[in-house]
Amino acid sequence: MVRILLLVLDGVADDPKRGATSLELASIPGLDELARMSVAGGFYPIAPGIAPESDAAVLSLLGYDPEKYVVGRGLLEALGAGISIKEGYEVAFRANFATVDTSTRKLIDRRVGRSLSTEEARELAKALDGMELSGGGYARVVATVGHRAVVVIGSKARKLSADVSNIDPAYERRGRISVAVRSFEPYVPRCRPLVDSDEARETCRLIDEFVERSMEILDKHPVNLERASRGLLKANVLLLRDAEDHYPSIPPISQLYNGLRFGAVAEMPVEKGIARLVGMEVAEVPPPTPNKASDYAQRLEKTLELLEKVDVVYVHLKGPDEPGHDGDKKRKVESIELIDKYFVQPLLKKVDLEKIAIIVTADHATPPEVRSHTGDPVPLLLAYAKLKPDGLTRFTEKECFEKGSLGIMEKGSVVLKRIVELLKRSS
């Protein structure tokens with residue numbers, strides 16, 4: 001069968017009903033060239049109206065029904081950072097360094113203004129890593145990229161539970177996944193047990209103790225004192241969310257696709273964690289930097305190497321999501337243009353669409369007007385020489401939704417399976 005490149009542009013989609021979208025405003029000759037050679041459509045990442053976190057959306061896009069396979073993001077982030085957990089006695093969390101008024105717990109910025117460097121975060125994490133908590137508890141803290149971190153809350157004496165609320169008011173816990181909320185009280189909340197169990201209550205007790213002590217340590221840390229002297233926000237609290245306490249029973253991705261071999265090029269821990277969890281070969285690339293020409297050249301090189309070794313290569317590029325969260329449409333447009341210039345255009349010069357099919361899509365929409373993930377559908381392109389194009393002129397939401405022969409699919413978990421079947425019939 002033809003090899004497949006699945007290119008996921010994180011949060012690239014907007015809602016056309018809110019005005020011109022970022023894709024419509026962007027100058028993207030490479031993606032537009034692909035669109036003219038493609039069949040197209042769209043899909044809801046989870047289901048209509050559900051605003052997913054990236055982890056649930058990516059698992060769904062890869063073919064894992066979110067009603068059947070649910071994994072707390074904390075574990076995925078841990079796996080992406082190379083961290084394992086002791087089932088039953090440790091709970092893993094995705095964490096953000098954030099800025100808080102320590103006297104009132106009022107949140108000033110959930111991401112430290114995106115100004116925290118990875119190096120600064122690592123120094124702050126070192127000050128918290130190995131913290132001993134009362135009653136035999138402890139915390140492990142590892143910084144990953146920028147303001148992001150993994151926190152593992154553990155106990156030497158008592159069992160713990162992931163059935164606890166988020167210590168991040170922007171995300172509401174629903175089972176093992178979280179959903180972005182449109183509005184929230186900007187205060188660091190206390191942990192709430194989500195089930196009536198001693199394990200959940202003990203976990204909340206340890207979390208609350210960790211949060212209080214970490215605020216005290218971080219607020220006076222030399223890194224934060226130096227930042228404050230330069231007029232920068234302090235990274236003086238960690239917001240914990242998406243707890244997980246065990247490894248799920250989940251089939252390898254090759255099993256879902258009748259033995260096809262998968263590889264991944266991913267920039268962030270959560271996508272790396274997903275790839276490792278489902279048995280992909282992960283090509284390591286350094287974290288994103290301001291030098292996108294170099295970043296995307298490295299990612300393209302790894303992509304082409306994997307295409308020589310496996311059947312399907314999943315590439316996840318973070319670019320458009322962050323400016324979407326920041327409400328910065330101009331920067332979101334620019335981020336799309338950089339991907340087009342330094343990844344898509346060089347890619348088209350190096351691949352043969354007789355031998356490789358290219359899928360371009362998003363894991364979810366992150367409209368700058370909303371500053372969060374939404375439940376809107378996302379556009380989808382499939383370029384392969386043996387398929388008759390749908391007559392698109394550009395890669396935009398409207399073009400894909402209105403002209404695409406693939407239609408708008410109600411669930412992300414059916415998308416890749418349908419495309420694989422279509423390519424098998426066409427090869």
message = Projecting each Cα onto the charge dipole of region 156-217 (Lys/Arg +1, Asp/Glu -1 at the beta carbon, about the Cα centre), which of ILE167, VAL188, SER178 comes out farthest on the positive side?
response = SER178
task = Can you spot the lysines whose alpha carbon is less than 20 Å from LYS424's alpha carbon? Ignore those fewer than 8 places along the same chain.
result = LYS309, LYS355, LYS386, LYS388
key: Selection from ILE359, PRO286, MET1 lying farthest towards where the dipole of the chain points positive, charges on Cβ   = MET1
message = For the chain, what does the relative contact order come out to in percent, with C-alpha contacts under 8 Å and a separation of six or more?
response = 34
task = Would you mind estimating how fast the chain diffuses translationally, via Stokes-Einstein at 20 °C and 1.002 mPa s with the Kirkwood radius over Cα pairs, in µm²/s?
result = 98
message = Tell me which cysteines of the chain come out unpaired when the rule is another cysteine's Cβ under 4.7 Å.
response = CYS400
query = Within the chain, what percent of beta bridges assigned by DSSP are antiparallel, to the nearest 5?
reply = 65
Region 129-262: relative contact order as a whole-number percent, Cα under 8 Å and 6+ apart = 21
query = From the Cα gyration tensor of region 182-306, with a ≥ b ≥ c the square roots of its eigenvalues, which class applies: rounded if a/c is under 1.5, or else prolate if a/b is larger than b/c, or else oblate?
reply = oblate
inquiry  = Taking 2.2 N^0.38 Å as the expected size of a compact globular protein, what ratio does the Cα radius of gyration of region 76-244 give against it, to two decimals?
reply    = 0.96
query = Where does region 319-367 land on Rg(C-alpha)/(2.2 N^0.38 Å)?
reply = 1.37
inquiry  = I'd like the orientation of helix 415-426 relative to the chain: the angle between its Cα long axis and the longest Cα principal axis, in ° from 0 to 90, rounded to 10.
reply    = 20
message = Using only Cα atoms and rounding to the nearest 10 degrees, what angle (0 to 90) does helix 329-339 make with the longest principal axis of the chain?
response = 60
message = Please state the shape class of region 238-382: rounded when a/c is under 1.5, otherwise prolate if a/b exceeds b/c and oblate if not, all from the C-alpha gyration tensor.
response = oblate
query = Which entries in the list LYS349/LYS398; LYS126/LYS220; LYS220/LYS332; LYS350/LYS411; LYS68/LYS417; LYS106/LYS234 go over 24 Å, if you measure between the two C-alpha atoms of each?
reply = LYS349/LYS398; LYS220/LYS332; LYS350/LYS411
query = What value, in deg cm²/dmol to 500, does the helix sum -39500 (n - 2.57) over DSSP H runs of n ≥ 4 give at 222 nm once divided by the residues of the chain?
reply = -9500 deg cm²/dmol
query = According to the square roots a ≥ b ≥ c of the eigenvalues of the Cα gyration tensor, what is the shape class of region 332-414, taking rounded for a/c under 1.5, prolate for a/b larger than b/c otherwise, and oblate for the remainder?
reply = oblate
Eligible aspartates and glutamates near LYS17 by straight Cα distance, threshold 12 Å, same-chain separation 8 or greater = GLU369, ASP376, GLU397
task = Arrange the peptides 362-370, 202-210 so that the one whose residues have, on average, the most other Cβ atoms within 10 Å appears first.
result = 362-370, 202-210
Within straight-line cross-link reach of LYS159, lysines at Cα separation under 20 Å, skipping those fewer than 8 residues along the same chain = LYS86
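Read-outs: derived from the displayed coordinates by stated rules, not from any lab. Being a predicted model, the structure only gives us computed values, none of them experimental. Here Cβ is always computed from backbone atoms with ideal geometry, including for glycine, and neighbour counts include all displayed protein chains.
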